Amino acid sequence: MKISISKNKESSDKKKSLEGKWQVRYESDANLNGVYLTQKEAIKAARATSSRNTDKKVNILIVYGSDGRLQSVINPATNQRLIKPAKAKSSVNTNKLDMAISKAIQTRKHKKEKSIVSEKAECNVI
Amino acid sequence: MSSKADFDVFINCPFDNEYKALFEAILFAVYLCGFRPRCSKEEDDGGSVRIEKINRIIRECRIGIHDISRTELDSTNNLPRFNMPFELGLFLGAKEHGGRGQKNKICIIFDTEDFRYQKYISDIGGQDIKSHAGDPGIIIRNIRNALNAAPIPEKPAIAGAAKIISQYELYQVDKPGMLETLNLQPDELTYADETAIIQRWIETTISL
């Protein structure tokens, strides 16, 4: 199971008190599991939650930066990055790379949905 | 307690176009298993002597993946390439004669067919040589199983081979679109760019 840590950007009146704060959230849970002033505190709390989790179901900690971009994916047991950063220095701009990746993933998912719809339509015709 | 070297994997394989698909599969499998690939292509520093660079990377890696399958004669010179068996020898030498930190090195050796190596490098008989038949799926499965069996403390749980292969196939579907957005051609992709794209793609898909 995953826990994510991200900065709240909600500006609605209802959630005004959360604005700018760091929130910890379980993957499967729509509710917040904690709100913290700093990212460091939120990570610490998420790690504590995962270590209390005796059946080791919490095994991925996803950390987003204050700009909302994915920062790192961490193994909460060791506090090390799950996917080790490359040793070689790439000239590819990371913002552009993130954009390219999400665009490609979206395109693939869209194509898959489209093919499922057309398959269903074919079945209906038959 | 594990060290940085425990998760660094030295990749010793051909770097030509013919081997590109397998090389990419190796990089993908190593990253997705939570390890970091290292090879002589990671630095474009013309100033450092190649053998020194290779020796340093070997010293810094606990695990080595060696593909000794390229035995064909070079079309230009009509001679075989000896780099891969030579670097395998350096790795085994470090394990045998190196200091305490080198003794626990893990060696994963590949050839195209079972027992073919006996005809050209019989001295490595007795090692567990795996065959890949030029198939990225087979090489991913074998790498996953070998890394999963590696006795490394604090190693994260590694996904099953079928899951890693299906992720690799999805990556292959996404790759042309990513390169198009980045204005890059597949043949001009450097090692640094390739590893950065694979690493970030895996991180992004995990977070979704």
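For this structure, a couple of remarks:
- Condition met for B:Asn183 (farther than 29 Å from A:Glu27 by Cβ and either within 14 Å of chain A (Cβ to nearest Cβ) or modelled with pLDDT of 95 or more (or both)): yes
- Annotation: of all residues in region B:16-36 being free of Cβ contacts under 8 Å to residues at least 60 places away in the same chain and touching a Cys at 6+ places or on another chain (Cβ under 8 Å), the one that is least open to solvent (accessible area, probe 1.4 Å) is B:Tyr19.
- Among the residues of region B:117-171, those identified as within 14 Å of another protein chain (Cβ to nearest Cβ), part of a helix (DSSP H, G or I) and among the hydrophobic types (A, V, I, L, M, F, W, C) are B:Leu147, B:Ile164, B:Leu170.
- Contact map, region B:171-199: residues that are within 19 Å of B:Tyr19 (Cα to Cα) paired with residues that are among the hydroxyl-bearing types (Ser, Thr, Tyr) and at pLDDT 95 or above, Cβ distance under 8 Å, separation 6+ or inter-chain. Pairs shown: B:Thr195/B:Tyr31; B:Ile198/B:Tyr31; B:Ile198/B:Tyr171.
- The residues listed here are B:Glu188, B:Glu194, B:Glu203; of these, the one that is within 14 Å of another protein chain (Cβ to nearest Cβ) and open to solvent by 70 Å² or more (accessible area, probe 1.4 Å) is B:Glu188.
This table checks each residue for (1) of a type outside the set (Val, Ile, Thr); (2) within 30 Å of A:Ser6 (Cβ to Cβ).
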{"residue": "B:Leu147", "(1), (2)": "yes, no"}
{"residue": "B:Ile152", "(1), (2)": "no, no"}
{"residue": "B:Ile164", "(1), (2)": "no, yes"}
{"residue": "B:Gln167", "(1), (2)": "yes, yes"}
{"residue": "B:Val173", "(1), (2)": "no, yes"}
{"residue": "B:Thr195", "(1), (2)": "no, yes"}
{"residue": "B:Ile198", "(1), (2)": "no, yes"}
{"residue": "B:Leu208", "(1), (2)": "yes, yes"}
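Residue-wise test of (1) assigned to a helix (DSSP H, G or I); (2) open to solvent by 20 Å² or more (accessible area, probe 1.4 Å); (3) modelled with pLDDT of 85 or more; (4) more than 26 Å from A:Ile101 (Cβ to Cβ).
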{"site": "A:Gly34", "(1), (2), (3), (4)": "no, no, no, yes"}
{"site": "A:Ala42", "(1), (2), (3), (4)": "yes, no, yes, no"}
{"site": "A:Val58", "(1), (2), (3), (4)": "no, no, no, no"}
{"site": "A:Val63", "(1), (2), (3), (4)": "no, no, yes, no"}
{"site": "A:Ser66", "(1), (2), (3), (4)": "no, yes, yes, no"}
{"site": "A:Gln71", "(1), (2), (3), (4)": "no, yes, yes, no"}
{"site": "A:Ile74", "(1), (2), (3), (4)": "no, no, yes, no"}
{"site": "A:Thr78", "(1), (2), (3), (4)": "no, yes, no, no"}
{"site": "A:Lys84", "(1), (2), (3), (4)": "no, yes, yes, no"}
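- Looking only at region B:78-99, and only at residues there that are free of Cβ contacts under 8 Å to residues at least 24 places away in the same chain and of a type in the set (D, E, K, R), the one that is surrounded by the fewest Cβ atoms within 10 Å (Cβ to Cβ): B:Glu96
- Residue count, region B:8-30 (criterion: outside any strand (DSSP E or B) and under 27 Å from B:Gly98 (Cα atoms)): 5
- Close pairs (8 angstrom Cβ cut-off, 6 or more residues apart or separate chains): more than 8 Å from chain B (Cβ to nearest Cβ) in region A:92-116, open to solvent by less than 80 Å² (accessible area, probe 1.4 Å) anywhere: A:Asn95/A:Arg69
- Condition check for B:Cys13: at pLDDT 90 or above, open to solvent by less than 50 Å² (accessible area, probe 1.4 Å), within 22 Å of B:Tyr171 (Cα to Cα) and not aliphatic (A, V, I, L, M): yes
The values are calculated or read from the model by the stated rules, or taken from the named source; none is laboratory data. Everything quoted here is computed from the prediction, not taken from an experiment. No Cβ is skipped: glycine too gets one built from the backbone with ideal geometry, and neighbour counts run over all protein chains shown. Protein only, heavy atoms only, side chains kept; ligands, DNA and RNA dropped before computing areas. Shrake-Rupley method; radii C 1.70, N 1.55, O 1.52, S 1.80 Å.
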